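The values are calculated or read from the model by the stated rules, or taken from the named source; none is laboratory data. In this text the structure is predicted, and so the values were computed from the model without any measurement. Heads up, the Cβs are rebuilt from the backbone with ideal geometry, glycines too, and the neighbour counts pull from every protein chain shown. Side chains are part of the model used for accessible areas, which takes the heavy atoms of the whole protein and leaves out ligands, DNA and RNA. Shrake-Rupley method; radii C 1.70, N 1.55, O 1.52, S 1.80 Å.
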Amino acid sequence: FSIRLKNLLVDIAELHELDVHIVEHRAKSIDSFNNKISSPGKNYHDPLNEITDLCGLRVIFYYQDDVNKFCSAIYEEFDIDKENSVNKFDELNSDQFGYMSTHIVCKLSNKRAELFEWNKFTNIKFEIQVRTVLQHAWASISHAIEYKSKVDTPKPLARQLNRIAGLLELSDEQFLDLRTKSEDLKVE
């Protein structure tokens with residue numbers, strides 16, 4: 001299912017003429033599934049149907065406006081679980097910097113689920129994470145520093161990570177501006 005979805009997401013990006021850096025996919029491992037359902041504070045009655053990321057995909061673009069266009073296309077192509085979907089940027093206050101990514105929890109649309117090749121995946125939820133290359137770099141490094149550590153991240157390190165997130169957010173804006181100016185020059 002994750003391989004088929006990966007190929008479909010590539011096709012959707014191409015249809016909308018969006019330049020994808022990479023599309024990653026994975027099925028949640030049995031160990032990861034067991035860890036999730038046995039986590040403190042988690043109480044699943046039907047974990048196979050309640051867990052929304054048994055299948056996960058990550059689509060990474062060069063520019064933020066491509067992220068936005070692709071997310072709009074995803075909302076058109078799939079049935080969206082809005083309650084479990086989130087744009088992490090919206091969770092940050094205006095004076096905060098940190099993890100930025102859009103997480104969209106989906107199911108196949110009825111139209112697609114009727115197709116023979118998709119029919120057996122009808123009720124499986126999956127999560128698509130969409131972000132820029134710079135957001136992905138920050139998330140990967142931050143994850144390695146913060147989440148894989150056996151101790152809490154000291155405040156000075158956490159602050160430094162968040163300052164870098166601010167610089168990368170500004171860099172994303174600058175790259176988009178640079179692309180716009182470059183395209184304008186080509187038109188001239």
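A few points about this structure:
- Candidates are the residues of segment 60-95 that are among the polar types (S, T, N, Q) and free of Cβ contacts under 8 Å to residues at least 24 places away in the same chain; the one that is surrounded by the most Cβ atoms within 10 Å (Cβ to Cβ) is Ser85.
Yes or no, residue by residue, for (1) among the charged types (D, E, K, R); (2) in a loop (DSSP other than H, G, I, E, B); (3) modelled with pLDDT of 95 or more:
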{"residue": "Phe97", "(1), (2), (3)": "no, yes, no"}
{"residue": "Met100", "(1), (2), (3)": "no, yes, no"}
{"residue": "Ile128", "(1), (2), (3)": "no, no, yes"}
{"residue": "Ala137", "(1), (2), (3)": "no, no, no"}
{"residue": "Lys150", "(1), (2), (3)": "yes, yes, no"}
{"residue": "Ala158", "(1), (2), (3)": "no, no, no"}
{"residue": "Phe175", "(1), (2), (3)": "no, no, no"}
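- Residue within segment 113-121 that is open to solvent by 60 Å² or more (accessible area, probe 1.4 Å), at pLDDT 90 or above and among the polar types (S, T, N, Q) present: yes
- Within segment 42-78, tally of residues that are in contact with a Leu (Cβ under 7 Å, 6 or more places away or on another chain), not aromatic (Phe, Trp, Tyr) and not in a strand (DSSP E or B): 4
- Count of segment 7-34 residues which are open to solvent by less than 60 Å² (accessible area, probe 1.4 Å), within 15 Å of the chain's Cα centre (by Cα) and touching a residue at least 40 places away in the same chain (Cβ under 8 Å): 3
- Under the condition of being open to solvent by 90 Å² or more (accessible area, probe 1.4 Å) and in contact (Cβ under 8 Å) with a residue 60 or more places away in the chain, the residues counted in segment 170-188 number 2.
- Single residue of segment 1-36 satisfying the filter (among the hydroxyl-bearing types (Ser, Thr, Tyr) and part of a helix (DSSP H, G or I)) that is farthest from Leu48 (Cα to Cα): Ser2
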